[in-house]
Amino acid sequence: MSEKSIHILGIESSCDDTSAAILCNTKVLSNITAGQKVHEMYGGVVPELASRAHQQNIVPVVDTALKNAGINLKDIDAIAFTSGPGLLGSLMVGTSFAKGLALALSIPLIEVHHMKAHILAHLIDDPEKNKPTFPFLCLTVSGGHTQLVLVHDYNKMEIIGSTIDDAAGECFDKSAKMLGLPYPGGPFIDQYAQKGDPNKFFFSKPKVPDFNYSFSGLKTSILYFLQKETAKNKDFIQQELNSLCASIQESIIDVLFDKLILVTQKLQINQVAIAGGVSANSALRKRLLLEGQKRGWQTFIPKFEYCTDNAAMIAVTGYFSYLQKDFVGQDVVAKARRIF
Ligand code: KG4
Ligand code: ZN
């Protein structure tokens with residue numbers, strides 16, 4: 001017998017991207033994201049401006065997602081939305097919208113954990129890709145989080161290690177800011193690094209116990225180095241931009257992989273995935289393939305469009321909750337902090 005077709009509307013508004021997606025089971029029919037240019041001039045996301053922009057974007061984004069999927073509101077079986085973690089004002093826009101629409105359509109409402117959704121993006125239907133099977137290990141690297149997660153099943157995930165201060169994405173963005181690059185700087189570092197020498201400059205590595213991460217020391221070491229060199233030569237950054245980007249990127253990836261390798265050895269696990277915005281980084285993707293070949297891992301790298309924030313990952317997570325009938329009532333609220 002063929003599988004029943006379930007249509008889920010996914011809504012993501014946890015930071016500065018307003019996104020809506022329609023999935024039929026795990027197949028993406030549409031995935032629309034409106035970014036917010038308003039933050040560029042401030043060099044970071046301004047929460048109040050983000051929530052206002054979400055309010056402006058959410059109706060047209062959902063409308064376009066429905067049109068592109070070729071379905072009507074009455075065809076939707078459930079609405080999945082990010083309830084946290086993230087910026088409270090931003091989350092409230094998606095949460096209120098999802099609650100209102102679910103009430104109007106009399107359909108179930110599903111709350112989704114943003115970081116779990118980054119991981120379950122690996123289960124989106126893609127004929128060209130193998131999917132990980134449970135249990136697998138996922139390095140989740142985004143603008144706000146850096147976590148090593150042991151994924152037992154759709155809902156049961158165990159954090160093995162996480163950052164004690166800055167996230168990897170934050171380290172990319174703050175380093176980019178020191179180099180005079182626009183926000184968010186991760187993709188710019190990635191781009192300039194391709195023409196640079198990753199072994200030209202060295203920065204001090206953190207020493208953190210267990211499987212946890214720290215990036216604040218690396219950030220300070222980059223700052224002091226740049227201050228020292230620009231005092232000697234004011235054009236230092238401009239002249240060395242490519243190799244500075246390549247060396248900073250290499251340092252961040254080294255830190256990430258030191259602990260990732262330790263965890264795979266400790267847990268004896270050989271399915272390794274990456275997820276989150278920083279998993280779009282080309283050198284990180286290459287390193288995972290390389291280490292995978294060397295160590296006999298099966299590796300899983302998300303498609304670019306499912307690395308950074310998107311609603312397809314929210315909808316696919318919602319689909320698995322739908323199968324479990326894991327619904328929430330109208331009393332659900334947005335949560336800036338949400339544990340796993
Ligand atoms: O997952 P995401 O879209 O949002 C959060 O949940 O935080 O991640 C955003 C982060 C930003 O720090 C951004 O600079 C970083 O992902 N990022 C990258 C690249 N693309 C996005 N970092 C390094 N290289 C990239 N290509
Ligand atoms: Zn994210």
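The values are calculated or read from the model by the stated rules, or taken from the named source; none is laboratory data. Because the structure is a prediction, the values reported are computed rather than measured. Here Cβ is always computed from backbone atoms with ideal geometry, including for glycine, and neighbour counts include all displayed protein chains. The area values use the complete protein model at the heavy-atom level, side chains included, leaving out ligands, DNA and RNA. Shrake-Rupley method; radii C 1.70, N 1.55, O 1.52, S 1.80 Å.
Worth a mention:
- Segments classed as helices (runs of 4 or more DSSP H), wholly inside region 1-120, with at least 1 members that are over 27 Å from LEU150 (Cα atoms) and in contact with a strand residue (DSSP E or B) (Cβ under 6 Å, 6 or more places away or on another chain): 47-69, 88-105
- Residue match in region 73-80 (condition: hydrophobic (A, V, I, L, M, F, W, C), within 16 Å of ligand 2 (Cβ to nearest atom) and either open to solvent by 20 Å² or more (accessible area, probe 1.4 Å) or in contact with a Pro (Cβ under 6 Å, 6 or more places away or on another chain) (or both)): no
- Odd one out for LEU139 among (1) within 11 Å of ligand 1 (Cβ to nearest atom); (2) outside any loop (DSSP other than H, G, I, E, B); (3) touching a Gly at 6+ places or on another chain (Cβ under 9 Å): (1)
Listed here are the residues, each with its yes/no results for (1) farther than 13 Å from ASP166 by Cβ; (2) in contact with a Lys or Arg (Cβ under 8 Å, 6 or more places away or on another chain); (3) among the hydrophobic types (A, V, I, L, M, F, W, C).
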{"site": "GLY185", "(1), (2), (3)": "yes, yes, no"}
{"site": "PHE188", "(1), (2), (3)": "yes, no, yes"}
{"site": "TYR213", "(1), (2), (3)": "no, yes, no"}
{"site": "THR220", "(1), (2), (3)": "no, no, no"}
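- Selected residue (criterion: farthest from THR264 (Cα to Cα)) from residues of region 143-154 that are open to solvent by less than 10 Å² (accessible area, probe 1.4 Å) and within 14 Å of ligand 2 (Cβ to nearest atom): THR146
- ALA98 being more than 16 Å from ligand 1 (Cβ to nearest atom), touching a helix residue (DSSP H, G or I) at 6+ places or on another chain (Cβ under 6 Å), in contact (Cβ under 8 Å) with a residue 60 or more places away in the chain and closer than 23 Å to ILE339 by Cα: no
- Flag if ASN199 is assigned to a loop (DSSP other than H, G, I, E, B), among the polar types (S, T, N, Q), over 19 Å from GLU170 (Cα atoms) and away from ligand 2 (no atom under 16 Å from the Cβ): yes
- Enumerated helices (runs of 4 or more DSSP H) restricted to region 204-323, each holding at least 3 residues that are among the hydroxyl-bearing types (Ser, Thr, Tyr) and open to solvent by less than 30 Å² (accessible area, probe 1.4 Å): 236-267, 312-323
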